[in-house]
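Structure below; questions to follow.
The values are calculated or read from the model by the stated rules, or taken from the named source; none is laboratory data. Since the model is a prediction, treat every value here as computed from it, not as a measurement. With ideal geometry, Cβ positions are generated from the backbone for all residues, glycine too; neighbour counts draw on all protein chains shown. Note: areas computed on protein heavy atoms with side chains; ligands, DNA, RNA excluded. Shrake-Rupley method; radii C 1.70, N 1.55, O 1.52, S 1.80 Å.
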Amino acid sequence: MKEIIKALGNVVFKMPQGFYVTLKHLFKKPVTLDYPRKKKPMAPRYHGRHYLERYDDGTERCVCCGLCAAACPADAIYMEPEENEKGERRAKVYEINLLRCIFCGFCEEACPEEAIFLGQDYEFSSDNRDSFIWTKEQMLVVHPRKDNPFKQLYRRVRKVYGVTDKGK
Amino acid sequence: MLEIVLISAVKIVVVILVVLTACAYATYMERKLLAHLQHRIGPSYAGPYGLLQPIADGIKLIFKEDIVPNNVEKLTYTLAPIISFVPAMLIFAVVPFAADATLFGHEIKMVISDLNIGVLFIFAVASLGVYGIVLAGWSSGSKYSLMGGLRSSAQMVSYEVSYGLSIIGVILIANTLSLRELVEQQSSVFDWFVWRQPLGFLLYLTCAIAETNRLPFDMPEAEPELVGGYHTEYSSMRFAAFFIGEYGNILAVSAVGATLFFGGWQGPYLPSVLWFLIKVFLFMFFYIWLRATFPRFRYDQLMSFGWKVLLPLALLNTMVTAAIVML
């Protein structure tokens, strides 16, 4: 008898509350991201896949000094130097093993030439281990760049030195 | 004579096709609605809004390898999916889905078979469905399946009693067992039996959920405890047959509930078929809503709830209704 009264009480008083809670949630916006079709904008300081910057005339900024490789705690960077037509030093081979890389950003901090940056790209999964070794050609930004190169560079430089977004 | 056979054949084909499609899209509806109830998106890849997902699932299941484990009882293992699938389809034979229509000068009853003991037929056939589950659990030769089958038989036997008693009130008031006459007696909204049998309706709803093994009464399946319950060892189309059976059962109890308590196809302005579909849809919505709201019962809670609460209430309901009808 007690159980019956309790059950009836639940049906009349408690259960509508529960139903109301779930119904409220039916009209809320789903939190799931429709991922490959809709992408979330990454945070401005997100540590994604590396890219190598160029000067405005298209020459590579990287002089293959090896500071990034020295700073790298995961020992993920391998490089071999060479000279270009003008006799300037640059990297012949510049490889980052993204399987070793821990995306700490020390290479970005160590770089004296403002050449290497951690970008926003995080979609470099693969079914082949070899394809995780990214070469210089893959990481160099396209020249001429599609967006305003000054603006981009300005932002990157300021980002490295921690300047707040004010002024020009 | 030929005419009657032809008309019946057309009706059967149409109803079977509609029910099978509805079963497929019930899975879509469930997945989508449940997803949105949980702040997810649900299937969205196959077709616009994932509308082709049931078809993709069907094709996938057909082309899956049909694995038969070594230590199964071959005959019952093969029969079980069919046994659980067929009764679900049979129920629709007596459910009137629209008002009578006149087509090419023929009076067509929009029900496959206007049985004068329709309600009895439904409950007889619906009870057969449990054999599919019990046999599947027993013949699979797996402890998980056996546990699922055992629980299922106990649950269904317990709830069958209250299930049957819950609609006695309606039958007492209507004084008929024919679904067509039941619908005709509920011609206006105020004549719906749900107003005269509120307790009976609640009991019917609860028992119907238990009968169709839906959450929160899905003891036989209980994924976290029993892997998949009675269909653990099934794959491919045999597995699909269980699922069509399950969703067919849900549709069937929704259709029967709509017919018994909510006036079936009766309704103003819109075509009668549409009214029937709307009512069934609302039942389905409630089922999924319920699934998203309440957790699964514990086994002993389920049994004590069935015997100590539902059965006395059903008996009380029957007794009070009988007394009022007598007066």
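How about region B:292-306: which of its residues are more than 10 Å from chain A (Cβ to nearest Cβ) and either part of a helix (DSSP H, G or I) or among the aromatic types (Phe, Trp, Tyr) (or both)?
B:Phe297, B:Tyr299, B:Asp300, B:Gln301, B:Leu302, B:Met303, B:Gly306
Only one residue in B:Trp275, B:Trp289, B:Trp265 is surrounded by 15 or more Cβ atoms within 10 Å (Cβ to Cβ), within 10 Å of chain A (Cβ to nearest Cβ) and within 30 Å of B:Val111 (Cβ to Cβ). Which one?
Details: B:Trp275 fails: within 10 Å of chain A (Cβ to nearest Cβ); B:Trp265 fails: within 10 Å of chain A (Cβ to nearest Cβ).
When all the criteria are applied, what remains is B:Trp289.
Please state which of the following conditions B:Val157 fails to meet, knowing it meets all the rest: (1) modelled with pLDDT of 85 or more; (2) β-branched (Val, Ile, Thr); (3) open to solvent by 50 Å² or more (accessible area, probe 1.4 Å).
Only one criterion is unmet by B:Val157, namely (1).
Open to solvent by less than 50 Å² (accessible area, probe 1.4 Å) and over 15 Å from B:Tyr247 (Cβ atoms), is that true of B:Gly58?
Details: open to solvent by less than 50 Å² (accessible area, probe 1.4 Å): yes; over 15 Å from B:Tyr247 (Cβ atoms): no.
Considered against the rule, which asks whether it is open to solvent by less than 50 Å² (accessible area, probe 1.4 Å) and over 15 Å from B:Tyr247 (Cβ atoms), B:Gly58 comes out as no.
What about B:Ala26, is it within 14 Å of chain A (Cβ to nearest Cβ), open to solvent by less than 40 Å² (accessible area, probe 1.4 Å) and closer than 30 Å to A:Asp34 by Cβ? So that I can check it myself, show each step before the final result.
Working: within 14 Å of chain A (Cβ to nearest Cβ): no; open to solvent by less than 40 Å² (accessible area, probe 1.4 Å): yes; closer than 30 Å to A:Asp34 by Cβ: yes.
Judged against the criteria, B:Ala26 is not a match.
Could I ask something else about it? In region B:102-125, which residues are under 20 Å from the mean Cα position of the chain (by Cα), open to solvent by 50 Å² or more (accessible area, probe 1.4 Å) and among the β-branched types (Val, Ile, Thr)?
Matches in region B:102-125: B:Ile117 only.
Answer yes or no as to whether B:Ile91 is more than 14 Å from chain A (Cβ to nearest Cβ), open to solvent by less than 50 Å² (accessible area, probe 1.4 Å) and touching a strand residue (DSSP E or B) at 6+ places or on another chain (Cβ under 6 Å).
Spelling it out, it is not the case that B:Ile91 is more than 14 Å from chain A (Cβ to nearest Cβ), open to solvent by less than 50 Å² (accessible area, probe 1.4 Å) and touching a strand residue (DSSP E or B) at 6+ places or on another chain (Cβ under 6 Å).
For A:Asp56, work out the one condition from (1) modelled with pLDDT of 85 or more; (2) surrounded by 11 or more Cβ atoms within 10 Å (Cβ to Cβ) it doesn't fulfil.
(1)
This table checks each residue for (1) over 24 Å from B:Ile83 (Cα atoms); (2) surrounded by fewer than 18 Cβ atoms within 10 Å (Cβ to Cβ); (3) at pLDDT 80 or above.
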residue: B:Trp195; (1), (2), (3): yes, yes, yes
residue: B:Gly200; (1), (2), (3): yes, no, yes
residue: B:Leu215; (1), (2), (3): no, no, no
residue: B:Glu223; (1), (2), (3): no, yes, no
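Does any residue in region B:35-61 that is within 14 Å of another protein chain (Cβ to nearest Cβ) and touching a residue at least 12 places away in the same chain (Cβ under 8 Å) come within less than 7 Å, Cβ to Cβ, of a residue that is open to solvent by 40 Å² or more (accessible area, probe 1.4 Å) and of a type in the set (Lys, Arg) six or more places away or on a different chain, and which pairs are these?
Here the result reads B:Pro43/B:Arg31, each pair linking region B:35-61 to a residue that is open to solvent by 40 Å² or more (accessible area, probe 1.4 Å) and of a type in the set (Lys, Arg).
Here is a yes/no grid of residues against (1) assigned to a loop (DSSP other than H, G, I, E, B); (2) at pLDDT below 85; (3) under 30 Å from B:Leu199 (Cβ atoms); (4) more than 7 Å from every other protein chain (Cβ to nearest Cβ):
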site: A:Ile4; (1), (2), (3), (4): no, yes, yes, no
site: A:Lys14; (1), (2), (3), (4): no, no, yes, yes
site: A:Tyr20; (1), (2), (3), (4): no, no, yes, yes
site: A:His25; (1), (2), (3), (4): no, no, yes, no
site: A:Val31; (1), (2), (3), (4): yes, no, no, no
site: A:Tyr35; (1), (2), (3), (4): yes, yes, no, yes
site: A:Lys38; (1), (2), (3), (4): yes, yes, no, yes
site: A:Tyr46; (1), (2), (3), (4): yes, no, no, yes
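Quick test of your reading of the structure: B:Met219 fulfils all but one of (1) modelled with pLDDT under 85; (2) crowded, with 24+ Cβ neighbours inside 10 Å; (3) not in a loop (DSSP other than H, G, I, E, B). Name the failing condition by number.
Failed condition: (3).
Of these, B:Thr232, B:Thr318, B:Thr259, which one is in contact (Cβ under 8 Å) with a residue 40 or more places away in the chain, more than 14 Å from chain A (Cβ to nearest Cβ), within 18 Å of the chain's Cα centre (by Cα) and open to solvent by less than 50 Å² (accessible area, probe 1.4 Å)? Before the answer, list the steps.
Numbers: B:Thr232 fails: within 18 Å of the chain's Cα centre (by Cα); B:Thr318 fails: within 18 Å of the chain's Cα centre (by Cα).
From the options B:Thr232, B:Thr318, B:Thr259, the qualifying one is B:Thr259.
Checking B:Leu128 against (1) closer than 30 Å to B:Tyr269 by Cβ; (2) surrounded by 14 or more Cβ atoms within 10 Å (Cβ to Cβ), only one condition comes out false. Which one?
The one condition B:Leu128 does not meet is (1).
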